[in-house]
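Scroll down for the structure; my scribbles are underneath it.
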Amino acid sequence: MRRLDIARRATHQPVGEHASSRCWFECRIRCFSAASHLLLLALAAFCPLLPAVLLAETAEADLEYFERSVRPLLHKHCYECHSAESKTLQGGLMLDSREALLRGGDSGPALVAGKPDESLLVTVLHYNNDDIQMPPRGKLSTSEIAAITEWVRRGAPLPDHGASDTAPRAVDIEAGRRFWSFQPLGHYEPPQDDTGWSANRVDRFVLAAMREQGLSPSPEADRRTLIRRLAFDLTGLPPTPEEVREFVADDSPQALERLVQRLLDSPAYGERWGRQWLDLARYTDATASWLNGTGQAHLYRDWVVQALNDDLPYDEFVRRQLATDCLEHTGPGDLPALGFLGLSPTYWKELKLPAEIIKVIVADEWEERVDVVSRTFLGLTVACARCHDHKFDPITTRDYYALAGVFASTRMSEKPLIPASAYEPARLARVEVERLAAQLATLKKQAPKATPPAKLDPAMPLPPLEEDPARALAAQQAVHAERVAGLEAKIAELKKTEHYDAPLAHVVMDESLYVVRAGETMDSGTKLEYRSGARDLPLFIRGNPNRTGEVIPRRYLEVLSAPEAEGFRHGSGRLELAEAITRQSAPLAARVIVNRIWLGHFGRGLVETPSNFGQLGARPSHPQLLDDLAERLIANGWSLKWLHRELVLSSTYRQSSAGRAEGLKTDPDNRWLWRMNRRRLDFESWRDSMLQASGELDRALGGAATKVDDPANVRRTLYSAVHRREMPQMLQIHDFPAPIAHSPMRVATTTPLQGLYVLNSEFVGQRARKLPLRVLAEQPGEQPAEELPAAIDRLYHVLYQRGATAAEQQLARDYLGADASDPQSKAWRQYAQALLGSNEFLFVD
């Protein structure tokens, strides 16, 4: 019976922190029981408590869910009889405030927050109660009932803005312009620092805020911690033992700046931060099957990576993703940028259904486009104004339909990365191949087949040879085969056309979509007509495209526009929209992207709701710092690499993550940045680090995606296939965001399934088998057992960027014993797997 005791304490054990948030791994594994393996490795995978920022993001998401999915249903089906504005209040029940819902009416409380099965509101929707069935005009659809049920399960959150949700609220645009995020950027001189702690302007703002709270900065992290932190933050990969050794030994004042510049110059930088952007863009490698697209989604992903590596100015980065086809200074090579819109989610449209139903589906797609553009670039939830004026922000329903008209005038398509004139012969060949392929499919279905022979009449003479059925069938089959071969030959010849296989990018183009009846009656089905030119949408009353109001010209949001601003006049208006975002709204757009980059480095944004800078969003913890960084980002040509450099070279970033009793007492959430936040690796960095540790990581850039669970896939996780409708289980259990919608930030969870993955997955097991082979192969000498201390030390440097302690060396000797010289032994594999599953490997100090 073999026993492994691993007890390792990180260099900075926090004082007074909750034990579950300590970045140290302490476990005992007894190998006589698979169950104990499971339990202890699962416990080892448990990670810190959710920080307050994630709870804030969750609360915001719940309120947004109510506004977008539940409030429209209540307005449509309930408020007429059950609100403060009802002419006659039915059953004594009001549904337009949380207090009224909990109080209930004549039949008692309408809901029990968090318990839909015990809530009368949910029960009556199912028509299971003979006495009460709501709404009385007809049962809601399954999806509508599910939406209300989910809202109750979430605790039935309602915004706290007075007794009645239905009272009309006039949107005051002028007052709205005075809200903090809509203000011009202020120019602030940072407070003076008489301590000498500050390395740049960032630190002076942070230190002043700290002092106001009675806090002081933490000491600078040691160099091993700094290079590990920087490497993961900027490239998503750990540093090599050699890189750590070189940096620790370099006592030059410019050592840190040189390291940062080297990491920013690495192609891995674009891969790391490209994945951050793809979360916002709801990137997918596979579009809906009914689109019959041949476009290659990875071209957009690779464009994003290259743009970031090239430090494309952020304002240009925005313009190209919305309208590069409208820019004179870009060419076909930039068309993949349009994948931001060209890879948008689409919903199945059964054209046998009435046009009135299909109009709703199309309107939902337009809403999704408005949502992702406004939240990604502006941090605003404009889509909440589809059914009514925004309940909190100065955004009107007219604003919503003014923007929706842009996307109603935009069609998803595919284009090659070469000039149209060069591709034209290939395009015509593709059209002909499609036509011939349809003929070929029909012809193959018409292949002659033998029919059962009829019984012969003995009185009838035998037929002549030429009328023999078998020969006739053979002749027909020969003719059919010749025709099939002829079509196949034509198709094969057409496919030899130059540029026939040129890659096609998912793009958008200016064409307007109209949903019309296929005939004169509702039951005649639906036609989707794309017409040249742009269109303005009518206002959909309560968001219903079958009840329309006045036509709303395409334009930008009123609260962000000058009073004399004109509407969009050129094409769909995509370019004008992009220009408005990056010029008229430059202060807001700059604040939003600065906050996203800050979030990526510190684990918490200056604004804790990165995609909501409106009234329901959080207020900035350091407003002057946010404005200062946004102002200087613009002054530095919108360079994101400048911004990264400014943040990671600050003393604020370089602080130790160790806890201190006084800081934990005053500011347990570290809102005032008196220390660095300890952070858990995202799944991509965790998986990539295992591959790098085992010496298998393929660093090739770009190209088509590979299945993440393919045993042969040793590329960076960025290049693993993401499917919008069929997410791989490996990604699902590790908090990878579903690409069905914009994802503002990752929300880390701790589940038993993650522990089971460490224990049982083939991927981790394979890395555990490869890791000892790599480490022992790198040690000199004919007897590996004699080199065990060096091998264990090398192993710790590869995994944790530090050497093994004396206790850890003794532990390895005791556990490996006689198997120390056999890297393929079960003992080595289990030892390596335990180290790969440790918190020290999973967290960054």
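Not counting the cut sites, what is the longest span of the chain without GluC sites (Glu not before Pro) that DSSP labels loop and that have at most 16 other Cβ atoms within 10 Å? The segment 86-327 is the longest one with no such site.
When the C-alpha to C-alpha distance is required to be over 27 Å, the pairs from LYS445/LYS495; LYS415/LYS445; LYS76/LYS349 that qualify are LYS415/LYS445.
Looking at the stretch 669-711, the pairs of alpha carbons with a distance over 16 Å make up 58% of the total. Restricting the stretch 717-748 to trypsin sites (Lys or Arg not before Pro) that sit in a DSSP loop and have at most 13 other Cβ atoms within 10 Å of their own Cβ leaves ARG725. Label-to-label distance for ALA738 and GLN183 is 3.9 nm, based on points extended 7 Å past Cα in the beta-carbon direction. Largest first, the three principal axis extents of the alpha carbons in the stretch 238-310 are 60, 22, 18 Å in whole numbers.
With the convex hull drawn around the C-alpha atoms of the stretch 479-579, the volume per residue stands at 214 Å³. At an R0 of 60 angstrom, the distance between the Cβ atoms of GLU257 and ALA475 translates into a FRET efficiency of 0.10. Semi-axis lengths, largest first, of the ellipsoid equivalent to the stretch 141-263 are 47, 27, 15 Å, with √(5λ) applied to each eigenvalue of the Cα gyration tensor. Note on SER143: accessible area approximately 80 square angstrom, rounded to 10, probe 1.4 Å, nucleic acids and ligands left out.
In the stretch 265-397 the Cα-Cα distances spread across 10 Å bins starting at 0 as 11, 34, 33, 18, 3, 0 percent of all pairs. All other residues whose Cβ lies under 11 angstrom from that of ARG229 are scored, Lys and Arg at +1 and Asp and Glu at -1, for a net of +3.
Nonpolar atom fraction for the chain, defined as the carbon and sulfur part of the 1.4 Å probe accessible area, stands at 54 percent.
Over the chain, accessible surface divided per residue gives 44 Å², non-protein components excluded, 1.4 Å probe. Taking amide H atoms as placed 1.01 Å from N in the peptide plane, the amide H of ARG555 lies under 5 Å from those of LEU403, PHE568, each 5 or more residues away in sequence or on another chain.
Projecting label points 7 angstrom from Cα along Cα→Cβ for ALA807 and LYS826 puts them 2.9 nm apart. Here the Karplus relation 6.51 cos²θ - 1.76 cosθ + 1.60, evaluated at θ = phi - 60°, turns the backbone of the stretch 675-692 into coupling constants of 8, 7, 7, 6, 10, 8, 5, 6, 4, 4, 5, 5, 5, 4, 5, 4, 5, 5 Hz, with x for every Gly and Pro. Under 16 Å between alpha carbons, and skipping anything fewer than 8 positions from LYS115 in its own chain: which aspartates and glutamates qualify? Those aspartates and glutamates meeting the cut-off are ASP62, GLU150.
Put simply, the amide H of THR548, placed in the peptide plane, has neighbours under 5 Å in ILE541, leaving out anything fewer than 5 places away on its chain. Values of log10 I(q)/I(0) for the chain across q = 0.11 Å⁻¹ run -1.37, by the Debye formula with one identical scatterer at each alpha carbon and no solvent.
Here the extension length gained between GLU529 and LEU443 equals 27.9 nm, from 0.36 nm per residue of separation less the Cα-Cα distance.
Only helical runs count toward this figure. For the chain, summing -39,500 (n - 2.57) over DSSP H runs of n ≥ 4 and dividing by all residues gives -13000 deg cm²/dmol at 222 nm. Subtracting the Cα-Cα distance of GLN584 and LEU89 from their residue separation scaled by 0.36 nm leaves 173.5 nm. Per-residue SASA remark: LYS76, around 140 Å² accessible (1.4 Å probe; ligands, DNA and RNA not included).
The values are calculated or read from the model by the stated rules, or taken from the named source; none is laboratory data. In this text, all values refer to a predicted model and were calculated from it rather than measured experimentally. Here Cβ is always computed from backbone atoms with ideal geometry, including for glycine, and neighbour counts include all displayed protein chains. When the accessible area is computed, the model is the full protein with side chains, heavy atoms only, and any ligands, DNA or RNA have been set aside. Shrake-Rupley method; radii C 1.70, N 1.55, O 1.52, S 1.80 Å.
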